[in-house]
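Below is one structure, written out as structure tokens; the observations come after it.
The values are calculated or read from the model by the stated rules, or taken from the named source; none is laboratory data. What you are looking at is a predicted structure, and each value in this text was computed from that prediction instead of being measured. Positions of Cβ are backbone-derived with ideal geometry, glycine not excepted, and every protein chain shown enters the neighbour counts.
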Amino acid sequence: MRMRTKTGLILILAGLGGAALTAPAQQQSVVDSPHNLSATGPGTIRAVAEEQVCIFCHAPHNSTPVRPLWNRAMPIDAYTIYTSRALDAEPGQPTGMSKMCLSCHDGTIALGSVNSRNQQILMSGGVVQIPLGPARLGTDLADDHPISFRFDSSLAANDSKLVDPATLPHEVMLDHNSELQCSTCHDAHNNQFGKFLVLDNTESQLCVICHRMGTTTITAHENCNACHTPHTAPSGPYLLRGQTIAETCLACHDGTIPGAVDILSETGKPSNHETFSEVDPQEPLSSHASCADCHEPHTMTQMQTPAPDAPGSFGMVAGVNAAGSPVAVAQYEYEVCFRCHGPDNPVLPRVPRVSNLNDVRLEFETSAASFHPIEAPGKNMDVPSLLPGITESDIIRCTDCHSSDLDSAAGGSGPDGLHGSVNGPLLVANYTTTDFTSESAEAYALCYLCHDRNSILNDESFSDHRKHIVEKRTPCSACHDAHGISSLQGSETNNSHLINFDTSIVFPDPSTNRLEFRSLGFQRGECYLTCHNTQHSPRRYPED
């Protein structure tokens, strides 16, 4: 790896009495920058009478042994160090140039305290330490970009989102130990790009020299600074501008910025996907949900995809495949859902049922007794109630049922997606599960998004649909389990057509003590149960 150091940049002035370094024409002199703390400095922080410019950091005589002719005490090793599960490097206490920078910027040592003077240089306005503000980092560096760690090809090989440091341009330099320091991004003597950056970072040009985050077609996501800040980040180690992931995202997605959909109003609905928790996205997902669980913002696109493919708005987000194995990049939408809704985070039953596995992945397995077609077409190739344009061979998405009540699928104006809904649990339309509900287009609006209401009420697929849901006022959910019934707990004989009885409505037949449905072939079956005080011991459909 090519070695670059800052040593050659820091040329100590021959005329420390106030004369500036002779710099290349394209650079700005330190004299014209906020680092000129002399009485004639252009910044708001300056000395009362001191005329020497460089003395605040350097001295030709009576300096410390630290190169280059360092004129300040070095702060003690008492820093809280940056840590993150996403970081493969192991930063230690600050070293080298970083420690020099912190001798002012941590606020523990007076600005006028220099080794070559017996008394402190007095600063105007009674200033002693660097004032509170963005330039004062304090001793807690856990919310700042990590420094003083070895950045080498081995580290880059372990993290695909880092470039090989051998490719860094000459402006971006590591120290003689190949460690990344403050001076990798900042040149204390040259403020031509602002914030003493070594390169222009207007469009994150400096960030992407080291970080390889992927490609997005979302214009607002192309600028790292829109979401991240390298110092004193409210979020801590993820260097986000907001205290949490959600707060950062909603700073734009609050309905005030043209082109950024209003997600904030969705998160305020009774059923929503956001816990606003201050959690590490690398932690288990069992206790929180956040924007980053479903969206990888650096790789999001506006690409529309057919079911069951993951939409472009997800980006290259992780998931769990149909076999239950983690995948680095989800190919299908359901894989993102399975990442949370699996055995480690079981979905609490909204309806108590004969079979309550509550592992969504297993409920949708193609080996399940019956299932809504999320991974593959369903097993029943005769569903006469399907609306025109929908066939038994179609595959649907999780978000065809679970989404905003303003989702375009429900005739709304958006935004689409699992952010929030007035219908629980995050349903795109109303789905009533209460017994003795009067049938209406609104009561079972979710079902009627795909199933023709007239066909259901005309008993085209089941001879007693009307009797059950109109005359007896029994909800669809009394018999049907919308996700599916795993082969671990059901069979095609007892659980075809998504039949899995609601045990708060349907009870065992007292004569046989059986609570079950049995398929007897095409559109034929029998039930052993008691419902609404009516005993089936059994009851056959259609009746003989």
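Please find, among Ala110, Ala156, Ala142, Ala135, the residue that is touching an Asp or Glu at 6+ places or on another chain (Cβ under 6 Å) and surrounded by 14 or more Cβ atoms within 10 Å (Cβ to Cβ). Write out each step before concluding.
On the way: Ala110 fails: touching an Asp or Glu at 6+ places or on another chain (Cβ under 6 Å); Ala142 fails: touching an Asp or Glu at 6+ places or on another chain (Cβ under 6 Å); Ala135 fails: touching an Asp or Glu at 6+ places or on another chain (Cβ under 6 Å).
Answer to the selection: Ala156.
Go through (1) within 25 Å of Asp254 (Cβ to Cβ); (2) at pLDDT 95 or above; (3) acidic (Asp, Glu) for Asp280 and report which single condition fails.
Going through the list (1) within 25 Å of Asp254 (Cβ to Cβ); (2) at pLDDT 95 or above; (3) acidic (Asp, Glu), Asp280 breaks only (2).
Residue by residue, here is whether (1) in contact (Cβ under 8 Å) with a residue 12 or more places away in the chain; (2) assigned to a loop (DSSP other than H, G, I, E, B); (3) of a type in the set (S, T, N, Q) holds:
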residue: Met316; (1), (2), (3): yes, yes, no
residue: Ala330; (1), (2), (3): yes, yes, no
residue: Tyr334; (1), (2), (3): yes, no, no
residue: Leu357; (1), (2), (3): yes, yes, no
residue: Glu365; (1), (2), (3): yes, yes, no
residue: Ile374; (1), (2), (3): yes, yes, no
residue: Asp382; (1), (2), (3): yes, yes, no
residue: Gly389; (1), (2), (3): no, yes, no
residue: Ala409; (1), (2), (3): yes, no, no
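Residue-wise test of (1) among the polar types (S, T, N, Q); (2) on the phi > 0 side of the Ramachandran plot.
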site	(1), (2)
Ala166	no, no
Ser178	yes, yes
Cys185	no, no
Gln192	yes, no
Glu203	no, no
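Does Thr83 satisfy being in contact with a helix residue (DSSP H, G or I) (Cβ under 9 Å, 6 or more places away or on another chain), among the hydroxyl-bearing types (Ser, Thr, Tyr) and modelled with pLDDT of 80 or more?
Answer is no for this residue.
Given the conditions (1) of a type outside the set (Lys, Arg); (2) in contact with a strand residue (DSSP E or B) (Cβ under 8 Å, 6 or more places away or on another chain); (3) modelled with pLDDT of 95 or more, which single one is not true for Pro388?
Condition not satisfied by Pro388: (2).
Specify the residue that is modelled with the highest pLDDT; the eligible residues are those in the stretch 318-332 that are surrounded by 18 or more Cβ atoms within 10 Å (Cβ to Cβ) and touching a helix residue (DSSP H, G or I) at 6+ places or on another chain (Cβ under 6 Å).
Ala330
Of everything in the stretch 48-71 that's touching a helix residue (DSSP H, G or I) at 6+ places or on another chain (Cβ under 7 Å) and among the aliphatic types (A, V, I, L, M), which residue is nearest to Gln129 (Cα to Cα)?
So, considering only residues that are touching a helix residue (DSSP H, G or I) at 6+ places or on another chain (Cβ under 7 Å) and among the aliphatic types (A, V, I, L, M), the one nearest to Gln129 (Cα to Cα) is Val48.
So which of Thr256, Thr167 is surrounded by fewer than 20 Cβ atoms within 10 Å (Cβ to Cβ) and over 23 Å from Ala86 (Cβ atoms)? Don't jump to the end; show me each part of the working.
Values: Thr167 fails: over 23 Å from Ala86 (Cβ atoms).
From the options Thr256, Thr167, the qualifying one is Thr256.
How many residues are assigned to a loop (DSSP other than H, G, I, E, B) and either under 20 Å from His186 (Cβ atoms) or not small (Gly, Ala, Ser) (or both) when one looks only at the stretch 32-58? Can you show your working first?
First pass over the stretch 32-58, keeping only residues assigned to a loop (DSSP other than H, G, I, E, B): 33-46, 48-53, 57.
Still in the list and also either under 20 Å from His186 (Cβ atoms) or not small (Gly, Ala, Ser) (or both): 33-37, 40-46, 48, 50-53, 57.
Here the count works out to 18.
Residues that are outside any loop (DSSP other than H, G, I, E, B), touching a Pro at 6+ places or on another chain (Cβ under 7 Å) and more than 30 Å from Ala292 (Cα to Cα): does the stretch 85-101 have at least one? Spell out how you get there, then give the answer.
Looking only at the stretch 85-101, we keep the residues that are outside any loop (DSSP other than H, G, I, E, B), and these are 96-101.
This time we only want the ones that are touching a Pro at 6+ places or on another chain (Cβ under 7 Å), so: 99.
The next check asks that each one be more than 30 Å from Ala292 (Cα to Cα); those that pass are 99.
Yes, the stretch 85-101 contains at least one residue that is outside any loop (DSSP other than H, G, I, E, B), touching a Pro at 6+ places or on another chain (Cβ under 7 Å) and more than 30 Å from Ala292 (Cα to Cα).
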